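Below is one structure, written out as C-alpha cells, with a few remarks after it.
The values are calculated or read from the model by the stated rules, or taken from the named source; none is laboratory data. Computed from a prediction, not measured in an experiment: that's the story for all the values here. Every residue, glycine as well, gets a Cβ built from its backbone with ideal geometry; the counts of neighbours run over all protein chains shown. SASA here: full protein model, heavy atoms, side chains in, ligands and nucleic acids out. Shrake-Rupley method; radii C 1.70, N 1.55, O 1.52, S 1.80 Å.
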Amino acid sequence: DRIPGGSTLWLLATGSGLSPFASMLRSEAFWAAWKDVVLVLSVRQIEEAVLARELVAALPLERRPKLIVTTTRETDPARFGDLTERIPTLIASGALEAAAERQCRVCHGLAVSGPAGAVHGVLSELYF
C-alpha cells in the first residue's frame, strides 16, 4: 500500500532487514502493482542468505524477484555471494546494476531495510 506500483522496484536489505520485505513478496497485491522486483541482500557470510533463497524459491515462478546476494566477510571464493562488497560500494561502482541487468538510479521504486548506517550509506550513494 505504501509503495505505489510501477515498473521496477529495488528492495535493498542488510542482514535481518530482509524481514519487512518477506510479507511484501508473498502478497498478490504487491505483485499486481510491480512488474519487476530486484531483491538485494547483503550479508557477512553466505549462510545468512539461506532464508532469502528459501523465500524466493517458495514463490511462484511468475512472482520471483531477481535475487542478488552480496557477502562482505567471506574469504573463500567458493563461499562468495553473487557480489562481494557492501551495497553502497556496489551502487557507486555500477556492479549492482550490472549484476541485476537493470538500472537502480532511474528505477520507479526503492525500499531500503537494515541498520541506520546501512540505510544512510545507500541513500547517500543514490541521492547525495
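Summary of values
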{"item": "Any hit, the stretch 15-33, residues being open to solvent by 70 Å² or more (accessible area, probe 1.4 Å), touching a Phe, Trp or Tyr at 6+ places or on another chain (Cβ under 9 Å) and modelled with pLDDT under 95", "result": "yes"}
{"item": "Verdict on LEU51 being of a type outside the set (Ser, Thr, Tyr) and modelled with pLDDT of 95 or more", "result": "no"}
{"item": "In the stretch 39-75, the residues that are open to solvent by 70 Å² or more (accessible area, probe 1.4 Å) and acidic (Asp, Glu)", "result": "GLU47, GLU48, GLU54, GLU62"}
{"item": "Exclusive hit being under 24 Å from ALA33 (Cα atoms) and either among the hydroxyl-bearing types (Ser, Thr, Tyr) or open to solvent by 70 Å² or more (accessible area, probe 1.4 Å) (or both), set GLU101, GLU97, GLU85", "result": "GLU101"}
